1. Only one of these conditions is not met by residue A:84: (1) more than 22 Å from residue B:54 (Cβ to Cβ); (2) within 14 Å of chain B (Cβ to nearest Cβ). Which number is it?
2. So which of A:162, A:111, A:129 is touching a residue at least 12 places away in the same chain (Cβ under 8 Å) and within 11 Å of chain B (Cβ to nearest Cβ)?
3. Starting from the range A:190-203, keep only residues that are more than 7 Å from chain B (Cβ to nearest Cβ), then list their pairs with residues that are assigned to a helix (DSSP H, G or I) and surrounded by fewer than 21 Cβ atoms within 10 Å (Cβ to Cβ) whose Cβ atoms are within a distance under 6 Å, requiring at least 6 positions of separation or different chains.
4. Which of the residues spanning the range A:162-176 are open to solvent by 10 Å² or more (accessible area, probe 1.4 Å) and out of contact with any Phe, Trp or Tyr (no Cβ under 7 Å at 6 or more places or on another chain)?
5. Only one of A:118, A:72, A:78 is closer than 30 Å to residue A:196 by Cα and over 15 Å from the mean Cα position of the chain (by Cα); which?
6. Mind checking whether some residue in the range A:44-51 is basic (Lys, Arg), open to solvent by less than 50 Å² (accessible area, probe 1.4 Å) and modelled with pLDDT of 90 or more?
7. Check residue A:190 against each of (1) charged (D, E, K, R); (2) in contact with a Phe, Trp or Tyr (Cβ under 7 Å, 6 or more places away or on another chain); (3) open to solvent by 50 Å² or more (accessible area, probe 1.4 Å) and name the one condition it does not meet.
8. Out of contact with any Lys or Arg (no Cβ under 8 Å at 6 or more places or on another chain) and closer than 22 Å to residue A:164 by Cα: does that describe residue B:47?
Amino acid sequence: MLETRYAYSMQPVAAARPDERGLVERLRAGDERAFEELVDHHAAPLLAVTRRILRDEEEARDAVQEAFVAAFRSIGDFQIESRLSTWMHRIAVNCALMKLRVRERRREKDVDELLPHFQADGHQQQSSVGWKESVEDVLQREQSRALVRECIDRLPESYRVVLVLRDIEQLPPDVVAEKLQITRDNLKVKLHRARQALRTLLDPHMRGAT
Amino acid sequence: MSHVTCIELISFLDAYVAEELDAETRTTFDLHLIVCPSCRAYLASYEETIDLVRGVAEKEEELAHDAPPELIEAVKHVKR
């Protein structure tokens, strides 16, 4: 498996770096230049996060703006033993999810047809076969990455968001369940179904390689 | 659990991958995987799916340019 390490993920929180402490103190003091530094350093990765969640450029940019405003307003609550990037990531995820919630609720298809099917004796109806290329090789090609992205985007939104928050942003299950207002059991089922559905969408391409 | 079928293994594959199964159940799953090439292939592609999802996002961040200047300016302007 690939080692995944996101500066903006919710992985164990490391203490603020010395240079961050100074920045936080200046932010708390209302230093205009400090806010500009915060924006310059964090806008790009936060935009990547909100783009992944919202899949809409305008909404993603709005969410980033709102995240910075929220961060500046609540900088007094920032705990110095945390990392600024982790804290900003959490705020940006919240802002993006708020936008998702106010989107008009669309009826979405379930993913049943994309789940594996079984015979009465419990065996798979269609045998699975291994994929042709390694993940590393697939990721090297822009066309293949676009295909994976397209397949993720084809998932019904509630499944796509679970996949993004758990497998990409790597937020802990309790946090995701709370943010999405679902039970932890429901989240677990949804994540497993999302992965299986995505596997099914990728399968015909990956069997023969893209 | 003396033995499992494909449907049981695949239903609990997330727990298997996350190493959340108790030792006895995990051993039973391992035994099924030894004799079932289809489930071995399914498990491999399930893990590869997770890796692809993470890998694509990582690659997108690597290749991402700076945030658009107009966004940077807009954020700074909101604060002013």
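1. Among (1) more than 22 Å from residue B:54 (Cβ to Cβ); (2) within 14 Å of chain B (Cβ to nearest Cβ), residue A:84 violates only (2).
2. On the way: A:162 fails: within 11 Å of chain B (Cβ to nearest Cβ); A:111 fails: within 11 Å of chain B (Cβ to nearest Cβ).
The match here is A:129.
3. As it stands, the answer is A:197/A:114; A:200/A:114, since those pairs meet every condition given.
4. Kept after step one, since they are open to solvent by 10 Å² or more (accessible area, probe 1.4 Å), are these residues of the range A:162-176: A:166, A:170, A:172-175.
Result: A:166, A:172, A:173, A:174, A:175.
5. On the way: A:72 fails: closer than 30 Å to residue A:196 by Cα; A:78 fails: closer than 30 Å to residue A:196 by Cα.
From the options A:118, A:72, A:78, the qualifying one is A:118.
6. Start the filter on the range A:44-51 by keeping residues that are basic (Lys, Arg), which leaves A:51.
Next, from what is left, pick out any that are open to solvent by less than 50 Å² (accessible area, probe 1.4 Å): none.
No - not one qualifying residue is present in the range A:44-51.
7. Going through (1) charged (D, E, K, R); (2) in contact with a Phe, Trp or Tyr (Cβ under 7 Å, 6 or more places away or on another chain); (3) open to solvent by 50 Å² or more (accessible area, probe 1.4 Å) one by one, residue A:190 breaks only (3).
8. Values: out of contact with any Lys or Arg (no Cβ under 8 Å at 6 or more places or on another chain): yes; closer than 22 Å to residue A:164 by Cα: yes.
In short, yes.
The values are calculated or read from the model by the stated rules, or taken from the named source; none is laboratory data. These figures come from a predicted structure and were not determined experimentally. Here the Cβ is made from the backbone with ideal geometry for all residues, glycine too, and neighbour counts use every protein chain on show. In case anyone asks, the SASA skips ligands and DNA or RNA and just uses the protein heavy atoms, side chains included. Shrake-Rupley method; radii C 1.70, N 1.55, O 1.52, S 1.80 Å.
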